[in-house]
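Peer 1: Have a look at the structure that comes next, please.
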Amino acid sequence: EKWHALGKNIILIRNETSPEDVHGMHVSNGILTAKGGMTSHAALVARGWGKCCIVGCSDLQINLKNKSVSIHNITLKEGDIITLNGSSGNVYANELSLEKPDLKNNQYFNKLMDISDRRRTLKIRANTDREEDASQARQFGAEGIGLCRTEHMFFEPERISAMREMILSTDKESRRNAVMKLLPFQRDDFYGILKAMAPFPVTIRLLDPPLHEFLPHTDSQINSLSKDMNVPTSEITSRIAALHESNPMLGHRGCRLGVMYPEITEMQSQAIFEATTKLKKEGLNPFPEVMIPLVGSAPELSNQRKHIINIAKKVQQSESIQFDYSVGTMIELPRACITANEIAEVAEFFSFGTNDLTQTTYGFSR
């Protein structure tokens, strides 16, 4: 982040990335990891952000202590120049000339798109959680956003501190006070994305990952958080241990967080609907689709839906304005598939999380 502030081009090299790296990934031009595959954290985040990324480069030998990396007897130190080819997966130990693709003025690309548009019966949406990417997707003809992940929005310093305060709170009132600090940030996030895509629909997924992903991992980070929040380190470490999930794809996450901590669902819903009313007053016609993640049965969705509808009514009354929205879910568990007929009585739309379904149905690694 310091180098980015100085105007330098950066390639982030890690064994594998985690949510703790998101702010570093955000300022990087490219990402290179020794581990991971097509559905790894780095690959998903980089693809969503349109960044060059090479994952699973097993020949990388990374020395974090010396801030160096070795590949095939070539050792590079922090500050050395490399070039990535995200299409071929090649890493070059020097600077190559780059050319920005200009697909909008590429006659072959435009011809292919014209043929596709004449033939297709589908509507094509994009996946993004940033306003800039939503605008670019719109330029390329996207007819909505199919998945806007909200968890990536919480890792900036001002936001992560409020998130951690919420997680470490011991009573409902202090937890609500902490989570409401995130409301103005989320409202701005959703305003930008909904504005870029209006009048097309934007499917916004409420908070999905387990809470331990937002807590610090190293001793220095824990000590720093202890000082900032005036909480003993022992309390923080015991909370981290209590929240730890051996498989972050399973466990206490998704709608289960919203059932346990409805203030999270209410804050995010309020942010979505306040952004929607603001845009309506500006003459635009946004259409948010609020998606509840990891639902396994209809009562879970009913529980969360009530909170969302109540917030929508409150915002409409306080702002004296009506707006359209829908509430649905992501079918990503075998249980959700089996009870889909019951869930469909409550949901206004289904999305599908196929990598999660593959893992939990076949026992394959995602």
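Peer 1: What are the residue pairs meeting all of these: first residue in the range 200-226, first residue touching a residue at least 40 places away in the same chain (Cβ under 8 Å) and within 16 Å of Ala241 (Cα to Cα), second residue open to solvent by 10 Å² or more (accessible area, probe 1.4 Å) and small (Gly, Ala, Ser), Cβ atoms under 6 Å, and 6 or more apart or on different chains?
Peer 2: What qualifies is Pro210/Gly251.
Peer 1: Give me a count of the residues in the range 193-205 that are under 17 Å from Leu182 (Cα atoms) and either open to solvent by 10 Å² or more (accessible area, probe 1.4 Å) or at pLDDT below 95 (or both).
Peer 2: Of the residues in the range 193-205, 1 are under 17 Å from Leu182 (Cα atoms) and either open to solvent by 10 Å² or more (accessible area, probe 1.4 Å) or at pLDDT below 95 (or both).
Peer 1: Here is a further query. Where the second residue is crowded, with 21+ Cβ neighbours inside 10 Å and of a type in the set (D, E, K, R) and the first is in contact (Cβ under 8 Å) with a residue 12 or more places away in the chain and within 10 Å of Ile343 (Cβ to Cβ) and lies in the range 290-314, which pairs have Cβ atoms under 6 Å and are six or more apart or on separate chains?
Peer 2: none
Peer 1: Taking the criterion of being more than 30 Å from Ser40 (Cα to Cα) and out of contact with any Lys or Arg (no Cβ under 8 Å at 6 or more places or on another chain), would at least one residue in the range 351-360 satisfy it? Explain how you work it out, then say what you get.
Peer 2: Step one: filter the range 351-360 for residues more than 30 Å from Ser40 (Cα to Cα), giving none.
No, the conditions are met nowhere in the range 351-360.
Peer 1: On to the next question. Return a yes/no flag: does the range 145-152 have any residue that is at pLDDT 90 or above, over 17 Å from the mean Cα position of the chain (by Cα) and among the β-branched types (Val, Ile, Thr).
Peer 2: No, every residue in the range 145-152 fails to be at pLDDT 90 or above, over 17 Å from the mean Cα position of the chain (by Cα) and among the β-branched types (Val, Ile, Thr).
Peer 1: Being of a type in the set (Gly, Ala, Ser), under 25 Å from the mean Cα position of the chain (by Cα) and open to solvent by 40 Å² or more (accessible area, probe 1.4 Å) is the filter here; which residues of the range 307-366 pass it?
Peer 2: Gly363, Ser365
Peer 1: Give me the pairs: first residue in the range 344-366 and more than 14 Å from Leu294 (Cα to Cα), second residue part of a loop (DSSP other than H, G, I, E, B) and open to solvent by less than 80 Å² (accessible area, probe 1.4 Å), beta-carbon distance under 8 Å, and six or more apart or on different chains, which are they?
Peer 2: What qualifies is Arg366/Thr39; Arg366/Met249.
Peer 1: Given the criterion under 16 Å from Asn29 (Cβ atoms), surrounded by 14 or more Cβ atoms within 10 Å (Cβ to Cβ), under 29 Å from the mean Cα position of the chain (by Cα) and polar (S, T, N, Q), identify the matching residue among Thr83, Thr128.
Peer 2: So the residue among Thr83, Thr128 that is under 16 Å from Asn29 (Cβ atoms), surrounded by 14 or more Cβ atoms within 10 Å (Cβ to Cβ), under 29 Å from the mean Cα position of the chain (by Cα) and polar (S, T, N, Q) is Thr83.
Peer 1: Pairs only if they're at least six apart or on different chains, beta carbon under 8 angstrom, first in the range 93-112 and without any contact (Cβ under 8 Å) to a residue 40 or more places away in the chain, second among the aliphatic types (A, V, I, L, M) and in a loop (DSSP other than H, G, I, E, B); list them, first residue then second.
Peer 2: Ala93/Ile82; Asn94/Ile81; Asn94/Ile82; Glu95/Ile81
Peer 1: For the range 281-306: of the residues being among the acidic types (Asp, Glu) and within 24 Å of the chain's Cα centre (by Cα), which is farthest from Ser351 (Cα to Cα)?
Peer 2: By that ranking, first place goes to Glu300.
Peer 1: Please specify each residue of the range 224-249 satisfying the condition of being surrounded by fewer than 16 Cβ atoms within 10 Å (Cβ to Cβ), touching a helix residue (DSSP H, G or I) at 6+ places or on another chain (Cβ under 6 Å) and not in a loop (DSSP other than H, G, I, E, B).
Peer 2: Across the range 224-249, the qualifying residue is only Thr233.
Peer 1: Quick check on my filter: what residues within the range 52-86 are polar (S, T, N, Q) and in contact with a strand residue (DSSP E or B) (Cβ under 9 Å, 6 or more places away or on another chain)? I'd like the intermediate steps shown before the answer.
Peer 2: From the range 52-86, those polar (S, T, N, Q) are 58, 61, 63, 66, 68, 70, 73, 75, 83, 85; that's our starting set.
Matches in the range 52-86: Gln61, Asn63, Asn66, Ser68, Ser70, Thr75, Thr83, Asn85.
Peer 1: For the subset of the range 170-183 comprising residues that are free of Cβ contacts under 8 Å to residues at least 40 places away in the same chain and surrounded by fewer than 19 Cβ atoms within 10 Å (Cβ to Cβ), which member is nearest to the chain's Cα centre (by Cα)?
Peer 2: Ranking the qualifying residues of the range 170-183, first place goes to Lys181.
Peer 1: Please give the number of the condition Glu282 fails out of (1) closer than 24 Å to Glu143 by Cβ; (2) open to solvent by less than 40 Å² (accessible area, probe 1.4 Å).
Peer 2: Just one mismatch for Glu282, condition (2).
Peer 1: Within the range 27-43, can you find the residues that are touching a residue at least 40 places away in the same chain (Cβ under 8 Å) and open to solvent by 30 Å² or more (accessible area, probe 1.4 Å)?
Peer 2: Taking the range 27-43 and keeping what is touching a residue at least 40 places away in the same chain (Cβ under 8 Å), we get 30, 32, 39.
Answer for the range 27-43, where residues must be touching a residue at least 40 places away in the same chain (Cβ under 8 Å) and open to solvent by 30 Å² or more (accessible area, probe 1.4 Å): just Thr39.
Peer 1: Filter the range 60-74 for residues that are open to solvent by 80 Å² or more (accessible area, probe 1.4 Å) and over 14 Å from Ile11 (Cα atoms); which is nearest to the chain's Cα centre (by Cα)?
Peer 2: Leu64
The values are calculated or read from the model by the stated rules, or taken from the named source; none is laboratory data. Quick caveat: nothing in here was measured; it's all calculated off a predicted structure. Counting neighbours? That spans all protein chains shown, and the Cβs are built from the backbone with ideal geometry, glycine included. Please note that ligands, DNA and RNA were not included when accessible areas were found on the heavy atoms of the full protein model with its side chains. Shrake-Rupley method; radii C 1.70, N 1.55, O 1.52, S 1.80 Å.
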